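The values are calculated or read from the model by the stated rules, or taken from the named source; none is laboratory data. A quick note: this is a predicted structure, and the numbers were derived from the prediction, not measured. With ideal geometry, Cβ positions are generated from the backbone for all residues, glycine too; neighbour counts draw on all protein chains shown.
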Amino acid sequence: MRRHVTLYGLTFSLPLLIWQVLFFVFPLVFLVALSFWTVKNFAMRPDFDTINWVTMFSRKVFWQAYGTTFVLATAAAALTSILAFPCAYAIAFKLSDNARRWAVFLMVIPFFTSYLVRVYSWQIFLSDAGIINVLLGWIGLGPFHMLNTVGATIIGYLTLCFPLAVLLQLFSLVFIDRTLIEAAHNMRCGRLRTVFAVVIPSARVGLVIAALFCFILSFGDFVSPIYLGGGDPTTLSILITDTTKSGQQWPRAAVIALTMVGTLLAVAFLAVKFAYKGRTK
Amino acid sequence: MQRDTLVSFEGVVKRFGAYVAVQKLDFQIHKGEFLAIMGSSGCGKTTTLRMLAGLEAPSEGVIRLSGKPINDLPTWSRDTPMVWQSLALFPFLNVRENVEFALKMRGVGKAERQRRAEQWLDRMQIGEFAERNIAQLSGGQRQRVALARSLVVEPEILLLDEPLSALDAALKVRMQSVLKNLQRETGITFVYVTHSQSEAFSMADRVVIMSRGVIEQIGTPQEIYRTPRTRFVADFLGSSNIFTGKVTSVGGAGIALQTDSGPMQLSASNAASAPVVGSTATVTVLDTKMRLSVTPPADGVNVVPVRVIGEEFVGATATLYLETAKGQEIRVQKGHEELTGLPLGIGQALFTSWSPEDGHLVAGG
Amino acid sequence: MNGDDEDINRNRAVDWGLKAYIIASFAFVFAPIAASFVFSFNADRFPSIPLGGFSLEWYKAVAADPLVWEGLRNTLMVGIVAGVISTALGFGAAYTDYRYKFFGKQVYLALALLPPTIPVIILGLAMLAYLSRINLSGNALSVIISHVVVCAPFAMAIIRLRLSQMDPALEPAAWNLGASEWKTMRHVIVPFTKPAILGALFITMAVSFDEFAVAWFVSGLNETLPVKVLGFLQGQVSPRINAIGTFVFVTSMTLVILAQVLLSGRTATARPAADEQE
């Protein structure tokens, strides 16, 4: 009711604002400044020089890593979305209310349990003498070299994104008006066709947002490409760590990081625009 | 029925940005009365109540409680407890703790708190549920808890914001009599906001009808029902037929108008102020005062030829929907025995008429 | 509409296929967790099948390592402190969003919610560079600071959700009954949001714990920012890591399960009574 600022109101709103400005906004701003610093004799100096941008953008390694990362993240987003959808769909439409609550309960757990340890554990399955190769050996196949391949990296991305994608998709699917589906059936739209003609368009926003999160997570991830992909091909996140290690080139790492942020912002903007296309009337 | 003034609104205006929720409110609430504020949603009735409770600050004007201006008094420093539409009972407290809440906030000691809560729990007949959770109570029981919670501080005034809207019809009627009796016994001033005519008219001593932030009429239920002062009120109550036309003569014998449905006459005493000849005027006639016949009545006054377009039976009475040649709808309410013998098939031609004493001129054409 | 075999519009084969798919999905999601658990008790040096004998050898080895204990102490300390601060800040932000409208609220909410969507590697780089610049890097304080940045949004979201379940009349009702804003906070808002506050505390501790696990995995030291993480683990498949991993899983799963139980629990065990005759 009272319009003016009160001590009471500030007590609750200010702490987070101060914290995030000091320790979230400032570091990111500092990263921008850092990208214009120069490095001489393994020491960073405050400066305003575009040399880091010019150097990084003229390097083939950088653009290769950029292309690799973009393609891998896109593939991971597409694959995760496609693989997660039947699961989210089934949880939304084929389970009882109680079973659905359990499914959500279980899906939330991995989202908050150490991703690094989970990725690490995949090595038990994928290594040359690992579980999968032993199993294949029993039926006379293999062994296949699976660890340190792009396929293994993708499995890592799936580990990272799958639970979140299912939850986000599920969240949009459960809010679909069931009578829409019944109306479609009533107008002779078959089961599978209804999924494509009614369910997916109705849940579009959630599906696009889920894919966007998969892209963001995979694009920035460094755990899977290193521990499952063996660091080859080089992704931008690997390039960042390599750059910081080699001769204090933090300003160049900042350039890479900022390019990633820019890419993510652009992708997020386009995705959200696509998700809400034709909706805001 | 002149009583002391407890609350007065003096030129009170409330704006939300560019939107004016309440414009120039001037009225008094008497000590010990049951006042209902009625209107459709968005009319400003709830805003008026919330200003009185201190939940909204007036943009202009003064609100006085017992003569003292209370504009700048925060909610928690006023003794204007409210019963909310949602009841707003604290779900994490049991019944007793809910009732004790206001006393606790006022620093009343534990023993005293318990004693006073006990008293109101018993009075509201919910003593046996004292230790229950809110979720374990029925709708009617919750209503009683909400009343006890607000009344435990023994305020001079109780504000009620559509408190019965969540109840089913039978329980609603029962709670109406509980509220009315409570108000009579305690003598506490009740200000009751509602959109329901039946609630307002059955409980209130006086009713305020609001529309678009303006008071349309204040009066006892009978006054308002019999003589709606404005066209809006007549429309809103929905119990009158409305005829609009040009005033053709004004004299001691009566007022004559020419309307779409023909010439009409009403007694001169039925207009608050004498209209000017040639001006547009509106006449209301209660649907229970309309007469029906197959042939035109002999006196020939205020007779309108109509056709039957529908009928509706509600208990002992029937409402007939009729249409004039010009397409105006006219409603007539009658007991079943009054209708026996009349042909009432759809399309049947009939004549309605009303006596000049039953027509009332309203303000604002 | 659930599991009705009589429904003529359903195809049983399709339904069973989809249900099997759900199970396969969970198998995929939980496989690494289960494997870590199973092989932490496996006597063999190299984890594979068939399993060797049951053994607690790796747990003993881990328990004998003083670095692990130091890491654990640090983890708990950082987790608790970061959890408490994140929950407090998140509560404030959630209440601000619930209660107030103000100019620039969109920006405020963006600051309150965005950090977890920034890739850890970028956030880590920025933080490490910034914190070392202001001489805050390399100690537990810097770890807590960065964890709070990432954890507070989770707390905010959880508590905001709870506040949106609150009858909007509850707070004004308390004012109306004579409680000042501060008293209302203490006697109404906090009690109402208590399950969410505890849930947020557990979730933020789990998030902090997982982030910390990253650092702990590497060095058992305070280092947690991902940039310092790199270079470790490659090519090593040590059952000791499985033992630590299992511990990490069990701890965070416990926290997350506790949080979920709190958040899904009804305020009272009782169901609303039917509108009985009075």
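Of all positions in region A:248-268, at least one carries a residue that is within 26 Å of residue C:210 (Cβ to Cβ), touching a Leu at 6+ places or on another chain (Cβ under 7 Å) and surrounded by fewer than 17 Cβ atoms within 10 Å (Cβ to Cβ). Checking every residue in region A:170-180 against the condition of being buried (at least 23 other Cβ atoms within 10 Å of the Cβ), assigned to a helix (DSSP H, G or I) and either within 12 Å of chain C (Cβ to nearest Cβ) or touching a Ser or Thr at 6+ places or on another chain (Cβ under 6 Å) (or both) gives at least one match.
Screening the candidates A:117, A:166 for the property of being closer than 27 Å to residue A:219 by Cα, of a type outside the set (Phe, Trp, Tyr), under 15 Å from the mean Cα position of the chain (by Cα) and buried (at least 23 other Cβ atoms within 10 Å of the Cβ) yields one hit, A:166. There is no residue in region C:127-137 that is of a type in the set (Ser, Thr, Tyr) and either under 20 Å from the mean Cα position of the chain (by Cα) or more than 26 Å from residue A:21 (Cα to Cα) (or both). Take the conditions exposed (fewer than 13 other Cβ atoms within 10 Å of the Cβ) and in contact with a helix residue (DSSP H, G or I) (Cβ under 8 Å, 6 or more places away or on another chain) and apply them to residue B:298. Does it pass? In short, no.
When region B:130-151 is examined, which residues are found to be facing another protein chain (nearest Cβ under 9 Å) and in a loop (DSSP other than H, G, I, E, B)? Within region B:130-151, B:132, B:137, B:138 qualify.
Elements of the type helices (runs of 4 or more DSSP H) sitting completely within region C:117-205 and holding at least 2 residues that are of a type in the set (A, V, I, L, M) and either modelled with pLDDT under 95 or surrounded by 18 or more Cβ atoms within 10 Å (Cβ to Cβ) (or both): these cover C:120-133, C:140-164, C:170-176. In a residue-by-residue description of region A:90-99, the property of being touching a Lys or Arg at 6+ places or on another chain (Cβ under 7 Å) and part of a helix (DSSP H, G or I) applies to at least one position.
Which residue, of B:328, B:333, B:348, is over 31 Å from the mean Cα position of the chain (by Cα) and polar (S, T, N, Q)? Matching residue, one of B:328, B:333, B:348: B:348. Give region A:58-84 a look and list any residue that's farther than 20 Å from residue A:267 by Cβ and either surrounded by 21 or more Cβ atoms within 10 Å (Cβ to Cβ) or facing chain C (nearest Cβ under 10 Å) (or both), or say none. Listed by number, the list holds a single entry, A:83.
In region B:169-188 there is at least one residue matching the filter, namely being within 30 Å of residue B:217 (Cβ to Cβ) and not in a helix (DSSP H, G or I). Among the residues of region A:194-214, just one is more than 14 Å from chain C (Cβ to nearest Cβ) and among the aromatic types (Phe, Trp, Tyr), namely A:196.
Scanning region A:100-114 for residues that are more than 7 Å from chain C (Cβ to nearest Cβ), of a type in the set (Phe, Trp, Tyr) and under 22 Å from residue C:201 (Cβ atoms) yields a total of 1. In this entry, residue C:142 passes the filter for residues that are facing chain A (nearest Cβ under 10 Å), among the polar types (S, T, N, Q) and in contact with a Leu (Cβ under 6 Å, 6 or more places away or on another chain).
Cβ separations smaller than 6 Å between residues 6+ apart or across chains give the following pairs from region C:112-141 residues that are in the same structural domain as residue C:154 (by TED's automatic domain parsing) and closer than 20 Å to residue A:115 by Cβ to residues that are surrounded by 15 or more Cβ atoms within 10 Å (Cβ to Cβ) and among the aromatic types (Phe, Trp, Tyr): C:115/A:24; C:121/A:222. Here is the figure for region B:193-227: residues that are crowded, with 17+ Cβ neighbours inside 10 Å and hydroxyl-bearing (Ser, Thr, Tyr) total 4. When you check residue C:94 against the structure, is it touching a residue at least 40 places away in the same chain (Cβ under 8 Å) and either within 14 Å of another protein chain (Cβ to nearest Cβ) or not small (Gly, Ala, Ser) (or both), yes or no? So residue C:94 fits the description; yes. Close contacts from region B:336-365, counting a first residue that is more than 28 Å from residue B:228 (Cα to Cα) and a second that is of a type in the set (A, V, I, L, M) and surrounded by fewer than 18 Cβ atoms within 10 Å (Cβ to Cβ), with Cβ to Cβ under 7 Å and a gap of 6+ residues or different chains, come to B:342/B:294; B:343/B:294; B:346/B:309.
With the requirement that a residue be assigned to a helix (DSSP H, G or I), in contact with a Leu (Cβ under 9 Å, 6 or more places away or on another chain) and more than 8 Å from chain C (Cβ to nearest Cβ), what does region B:72-102 give you?
So in region B:72-102, the residues assigned to a helix (DSSP H, G or I) come out as B:75-77, B:95-102.
Checking the rest, the ones that are also in contact with a Leu (Cβ under 9 Å, 6 or more places away or on another chain) come to B:75-76, B:95-96, B:98-102.
If the condition is that a residue be assigned to a helix (DSSP H, G or I), in contact with a Leu (Cβ under 9 Å, 6 or more places away or on another chain) and more than 8 Å from chain C (Cβ to nearest Cβ), then B:95, B:96, B:98, B:99, B:100 are the ones that fit.
Residue pairs whose Cβ atoms lie under 6 Å apart, separated by 6 or more positions or on different chains, with the first residue in region A:138-159 and in contact (Cβ under 8 Å) with a residue 40 or more places away in the chain and within 13 Å of chain C (Cβ to nearest Cβ) and the second of a type in the set (D, E, K, R) and surrounded by 21 or more Cβ atoms within 10 Å (Cβ to Cβ), are A:159/A:118. The set of residues from region B:58-72 being more than 11 Å from residue B:7 (Cα to Cα) and surrounded by 16 or more Cβ atoms within 10 Å (Cβ to Cβ) comprises B:58, B:61.
Could you list, in sequence order, the residues of region B:281-301 that are within 15 Å of residue B:249 (Cβ to Cβ) and of a type outside the set (Gly, Ala, Ser)? B:283, B:301, listed by residue number.
Selection of region C:22-59 for residues being among the polar types (S, T, N, Q) and part of a helix (DSSP H, G or I) yields C:25, C:36, C:40. In the set (1) in a helix (DSSP H, G or I); (2) farther than 16 Å from residue A:248 by Cα; (3) out of contact with any Leu (no Cβ under 7 Å at 6 or more places or on another chain), residue A:56 fails one condition alone, (2).
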